[in-house]
Amino acid sequence: GAGVSQSPSNKVTEKGKDVELRCDPISGHTALYWYRQRLGQGLEFLIYFQGNSAPDKSGLPSDRFSAERTGESVSTLTIQRTQQEDSAVYLCASSLGGAPRETQYFGPGTRLLVL
Amino acid sequence: SQQGEEDPQALSIQEGENATMNCSYKTSINNLQWYRQNSGRGLVHLILIRSNEREKHSGRLRVTLDTSKKSSSLLITASRAADTASYFCATDNDMRFGAGTRLTVKP
């Protein structure tokens with residue numbers, strides 16, 4: 001079946017603009033995760049959705065970052081007033097259930113470049 | 001800091017040699033997972049080992065888990081150039097990942 005998909009694959013934007021990144025998880029997966037990965041670094045946890053529970057937003061770096069998820073389907077990560085330091089690959093993953101964390105399936109990522 | 005941390009940060013070996021990387025964690029777990037990442041894109045799940053298991057195999061991969069030491073190791077036998085990647089461990093109770101081990105396999 002289809003894996004996790006993300007769009008766009010690449011995004012170039014100007015400093016100060018808002019961007020929206022989309023993630024389509026695997027159908028039936030109740031858990032969804034967003035991560036950020038700067039060049040040459042590890043994954044930085046951003047936010048986690050599990051079913052209808054309140055999301056775990058503890059990893060969001062600032063109030064410019066927000067994410068929504070519609071039911072158990074698509075999620076959108078929004079970055080407002082982008083800064084050059086936001087340049088990174090944004091990875092989305094989904095898993096069948098949230099706790100305990102089981103196998104995560106990752107999308108290909110969105111490479112964001114803020115000029 | 002995150003739960004799982006990999007060691008070493010980087011490892012360079014010749015094709016055909018074995019590669020061993022380690023993961024340490026801090027609190028009790030239900031399972032531990034290893035992932036591979038090529039070229040800065042999405043991670044690929046390699047293997048999951050549960051807390052009541054001590055060793056697990058998958059092809060050329062061998063994972064061990066020592067809950068008393070709160071550590072796990074990933075062994076890749078007979079390495080290939082295609083194994084060149086970053087390897088991450090993750091535990092079930094922490095959404096974060098460590099910095100990973102960067103493995104380079106020279107042909």
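The values are calculated or read from the model by the stated rules, or taken from the named source; none is laboratory data. Keep in mind that this is a model prediction, so the values were computed, not measured. Note that each Cβ is placed from the backbone with ideal geometry, even for glycine, and that neighbours are counted across all protein chains shown. These accessible areas exclude ligands, DNA and RNA; they are computed on the full protein's heavy atoms, side chains included. Shrake-Rupley method; radii C 1.70, N 1.55, O 1.52, S 1.80 Å.
Brief remarks on what is shown
- Count of the range A:26-72 residues, restricted to those that are closer than 20 Å to A:V114 by Cβ and either assigned to a loop (DSSP other than H, G, I, E, B) or polar (S, T, N, Q) (or both), is 13.
- All of A:R38, A:R101 fail the test of being within 14 Å of another protein chain (Cβ to nearest Cβ), crowded, with 18+ Cβ neighbours inside 10 Å and among the basic types (K, R), apart from A:R101.
- Boolean, B:Y35 is in contact with a His (Cβ under 6 Å, 6 or more places away or on another chain) and either touching a residue at least 12 places away in the same chain (Cβ under 8 Å) or surrounded by 15 or more Cβ atoms within 10 Å (Cβ to Cβ) (or both): yes
- From the options B:R62, B:R102, residue that is over 24 Å from A:G3 (Cβ atoms), open to solvent by 50 Å² or more (accessible area, probe 1.4 Å), more than 13 Å from chain A (Cβ to nearest Cβ) and in contact with a strand residue (DSSP E or B) (Cβ under 9 Å, 6 or more places away or on another chain): B:R62
- Set A:V19, A:V12: member being away from chain B (no Cβ under 12 Å), surrounded by 12 or more Cβ atoms within 10 Å (Cβ to Cβ) and in contact with a Leu (Cβ under 6 Å, 6 or more places away or on another chain): A:V12
Residue-by-condition table, conditions (1) in contact with a Lys or Arg (Cβ under 8 Å, 6 or more places away or on another chain); (2) within 11 Å of chain A (Cβ to nearest Cβ):
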| site | (1), (2) |
| --- | --- |
| B:I13 | yes, no |
| B:N18 | no, no |
| B:I49 | yes, no |
| B:N52 | no, no |
| B:K56 | yes, no |
| B:S68 | no, no |
| B:L75 | yes, no |
| B:A85 | yes, no |
| B:A90 | yes, yes |
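- Being assigned to a strand (DSSP E or B), touching a Ser or Thr at 6+ places or on another chain (Cβ under 7 Å), open to solvent by 50 Å² or more (accessible area, probe 1.4 Å) and not polar (S, T, N, Q) is a property that B:H57 lacks.
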